[in-house]
Amino acid sequence: MDGNGRWAKQRGLPRMEGHRRGVETVRTITFAARDLGVKRLTLYAFSVENWKRPQDEVGALMGLLEFYLKKELDTFVRDKVRFETIGQTQDMPASIRNLLEITVEKTKHFTEYTLVLALNYGSRTEMVDATKAYTQAVISGKEDLAQLSWPILSKYLYTQSSADPDLVIRTSGETRISNFLLMQAAYAEFIFTPVLWPDFTKANLAEAITEYTKRERRFGLTSEQLSPKAQ
Ligand code: IPE
Ligand code: MG
């Protein structure tokens, strides 16, 4: 979700106004994705690097997150949205941690659709945490190093056993991955759109999904291997 600051700047508004509008988009896209058949939507809301932004912006973002979580809990319960997080949420402010725990707990029995917020998330930090947890498991005898494989190691990532993303969309015209789900997106399709996050609509999402369906995902194989009859 990129481009909140530029959206505000274009209108001569404070950056925070862009973030506020960005939250509106989060709300719209959460339900738009479900309507369009998405099973799991992960939103990169706050990275491990974002703490280095000016303190007033970080504080305001935390305030906005708290407001959002308080407001959405009832909606998630009513509309059966399972809520999860990835990232080092233990280092988020206590009030937010508390809300996250409640929201996860109250929605954990829903199975149809999952919204994941990446908070204090970074792929490299995730890899380090996974390595530590895995090594600890080897030391305690729970894992056997000789048996290590990707399916085993990936269970130690924050995403645990959830499916890899099929499609990654970045808004605002930037063509970077910025430490987002690097391992999990190994075979994902990428779409980079110039639309700024506050302007991103259900139609934009539908368009991205349509483009995704036209792509041939080969996973290292040849086109002929995938559809022999088409030759
Ligand atoms: C994304 O918008 C929101 C967060 C990272 C929290 P930005 O704040 O990065 O917006 P730009 O890149 O300055 O336009
Ligand atoms: Mg940005």
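3J(HN,Hα) couplings calculated from phi for segment 131-139 with the Karplus curve 6.51 cos²θ - 1.76 cosθ + 1.60 (θ = phi - 60°) are, in sequence order, 4, 4, 5, 5, 4, 4, 5, 5, 4 Hz; Gly and Pro show x.
Among Thr201, Thr85, Thr114, the largest mean-square fluctuation in a Gaussian network model of the chain (Cα springs under 10 Å) belongs to Thr201. Computed over segment 6-105, the P(r) curve from all C-alpha pair distances, binned at 10 Å from the origin, holds 13, 45, 33, 9, 0 percent per bin. Residues whose amide H comes within less than 5 Å of that of Ile86, counting only those at least five positions distant or on another chain, are Leu117, Ala118, Leu119 (H built at 1.01 Å from N in the peptide plane).
The order of the peptides 180-186, 142-148 by mean Cβ neighbours within 10 Å, most packed first, is 180-186, 142-148. Directionally averaged projected area (the chain, Cα convex hull): 15.3 nm². Select from Phe219, Phe67, Phe192 the residue whose mean-square fluctuation is largest in a Gaussian network model of the chain (Cα-Cα springs shorter than 10 Å). Most flexible of the set in this elastic network: Phe219. Based on alpha-carbon centroids, what's the gap between segment 160-230 and segment 3-51 in Å, whole number please? Rounded to whole Å, the Cα centres lie 18 Å apart.
Coordinate-derived values only; no laboratory data. Keep in mind that this is a model prediction, so the values were computed, not measured. Glycine gets a Cβ as well: all are built from the backbone with ideal geometry, and neighbour counts include every protein chain shown.
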